[in-house]
Amino acid sequence: MSDRQEYIIGRVEAGSGSTVSLAKIMEELNTNPQAEIVRVQGPEDNPSLLVALLTPEDAQQLQAQYQGQLIVEKNLPLQPF
């Protein structure tokens, strides 16, 4: 599982037709033995942001499955200007 990387998972803002719940995404990730939720921002029954260890393939699949509803991006360190 050394090929896992941290990804930030968030909902596309309201008004875009997004109906997916991040609590549902958490449930899905918890059934994947290769995924690990690292951080949850907000209440667990209605989180606003997730950080998870995923394989690039799992991240791509999640993005494709919820296209237009989720943003799945690598959690890269911020660099000063």
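Both numbers refer to the Cα atoms of the chain; Rg and Dmax are 12.5, 40 Å. Counting charges near Gln69 (Lys, Arg +1; Asp, Glu -1) among other residues having Cβ under 14 Å from its Cβ returns a value of 0. Under the convention that each Lys and Arg Cβ holds +1 and each Asp and Glu Cβ holds -1, the size of the dipole of the stretch 15-68 around its Cα centre is about 160 debye.
Shown is the FRET efficiency for Asn75 and Asp3, computed with R0 = 22 Å from the Cβ-Cβ distance and rounded to the nearest 0.05: 0.90.
Site pair Arg39 and Lys24 shows an inter-label distance of 2.6 nm when each label is modelled 7 Å from Cα along Cα→Cβ. Ignoring the sites themselves, what is the longest stretch of the chain with no GluC sites (Glu not before Pro) in a DSSP loop and at most 10 other beta-carbon atoms within 10 Å? By the stated rule (loop sites, at most 10 other Cβ atoms within 10 Å), 45-81.
To the nearest 0.05, what FRET efficiency results for Val51 and Glu13 with a Förster distance of 25 Å applied to their C-beta separation? Once the sixth-power term is evaluated, E becomes 0.85.
Read-outs throughout are calculated quantities, based only on the coordinates presented, and are distinct from any laboratory measurement. Because the structure is a prediction, the values reported are computed rather than measured. Note that we place each Cβ from the backbone using ideal geometry, even for glycine, and neighbour counts take in every protein chain shown.
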